[in-house]
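The structure appears below as structure tokens.
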Amino acid sequence: MQVRPSTKVIKLGYVLCLLLALAIAVYLKSIGPEDVRLWWLLIVPGFLMLVVVTRHIKRRLMKLEILGDRVRLESGFFSKSTRTEEAVKLQDVRVDQTLGQRMIGVGDLSFETAGGSSRIVMRSIDRPQFVADHILELAKSQRLRPDASGSASHGTP
């Protein structure tokens, strides 16, 4: 399973930038050619579009992979950071949602690992509770799986 940050807010940003540019262009066209110097106002939606594109690229370069017995968080473009944790060590899986996030069906997923020094956080993902439940089930199944010596790790000799 692969999880990436949601692009719902990014898409809204694109739409708002285009609407702002269109509104400015229509206004400037309606006031006539005497105020040609006001066309520089289109720089504002252009700058906002640049901010949205930057955030979009940043979000696309982050992913959480749930593989067999591991959870891997990758981020970065020029310099890549990868953090891999064993599912059996996962603890305190948490979903946080603001009112706005709840309205659009996204949320922040975070978890700690046994012996880990910091939380792993994935912001604004779609269906965060489903992903959290999936991670918890994976961790539970890994705790119950027999280890290499043939005995179960939950205490049976």
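Values in this text are rule-based calculations from the coordinates and carry no lab data. Predicted model only: the values in this text are computed from it and were never measured. Cβ: placed from backbone, ideal geometry, glycine included. Neighbour counts: every protein chain shown.
What nm value, rounded to one decimal, do you get for the distance between ARG145 and PHE78 when each label is placed 7 Å out toward the C-beta?
Those two pseudo-labels are separated by 3.9 nm.
State whether the chain is rounded, prolate or oblate according to the following rule on the C-alpha gyration tensor (a ≥ b ≥ c being the square roots of its eigenvalues): a/c under 1.5 gives rounded; otherwise a/b larger than b/c gives prolate, and the remaining case gives oblate. Numbers along the way, then the final one.
On the way: a/c = 4.81, a/b = 3.23, b/c = 1.49.
Prolate.
HN-Hα J couplings of segment 131-142 from phi, Karplus 6.51/-1.76/1.60, θ = phi - 60°, integer Hz, Gly and Pro as x?
Residue by residue, segment 131-142 yields 5, 4, 5, 5, 5, 5, 5, 4, 4, 5, 5, 6 Hz.
With charges set only on the Cβ (+1 for Lys and Arg, -1 for Asp and Glu), what does the dipole of the chain come to about its Cα centre, in debye to the nearest 20?
Numbers: 23 positive and 15 negative charges, 54 e Å.
The calculated dipole for the chain is roughly 260 debye.
Could you grab the relative contact order for the chain? Cα pairs under 8 Å, six or more apart, rounded to a whole percent.
On the way: 208 pairs, mean separation 30.5, N = 157.
Answer for the chain is 19 percent.
Could you list TYR14, TYR27 in order of exposure, starting from the residue whose Cβ has the fewest other Cβ atoms within 10 Å?
Details: TYR14 15, TYR27 12.
Starting with the residue having the fewest Cβ neighbours, the order is TYR27, TYR14.
Along the charge dipole of the chain, pointing to its positive end and built from +1/-1 on Cβ of Lys, Arg, Asp and Glu, which listed residue (MET62, LEU22, LEU38) has its Cα farthest out?
The Cα lying farthest towards the positive end belongs to LEU38.
Among LEU144, LEU64, which comes first, then next, by fewest other beta-carbon atoms within 10 Å? Kindly include the intermediate steps, with their values, before the conclusion.
Details: LEU144 11, LEU64 22.
If I rank by nearby Cβ atoms, fewest first, I get LEU144, LEU64.
Pull out the extension gain between GLU65 and HIS134, defined as 0.36 nm times the separation in residues minus the alpha carbon to alpha carbon distance; nm, one decimal. Could you put the intermediate results ahead of the total?
Values: separation 69, 0.36 × 69 = 24.84 nm, distance 1.17 nm.
Full extension from GLU65 to HIS134 adds 23.7 nm.
Test of understanding: ordering LYS80, LYS11 by Cβ neighbours within 10 Å, fewest first, what list do you get? Could you put the intermediate results ahead of the total?
Values: LYS80 9, LYS11 12.
Arranged by neighbour count, lowest to highest, LYS80, LYS11 become LYS80, LYS11.
Taking θ = phi - 60°, what integer Hz values does the Karplus form 6.51 cos²θ - 1.76 cosθ + 1.60 yield along segment 47-54, in sequence order, with x for Gly and Pro?
These are the phi-based 3J(HN,Hα) values: 5, 4, 5, 4, 4, 5, 4, 4 Hz.
Among the listed pairs LYS11/LYS89; LYS8/LYS80; LYS8/LYS140; LYS8/LYS63, give every one whose C-alpha distance is greater than 28 Å. Present the calculation step by step, with values, prior to reporting the outcome.
Details: LYS11/LYS89 36 Å; LYS8/LYS80 25 Å; LYS8/LYS140 32 Å; LYS8/LYS63 16 Å.
With Cα atoms farther than 28 Å apart: LYS11/LYS89; LYS8/LYS140.
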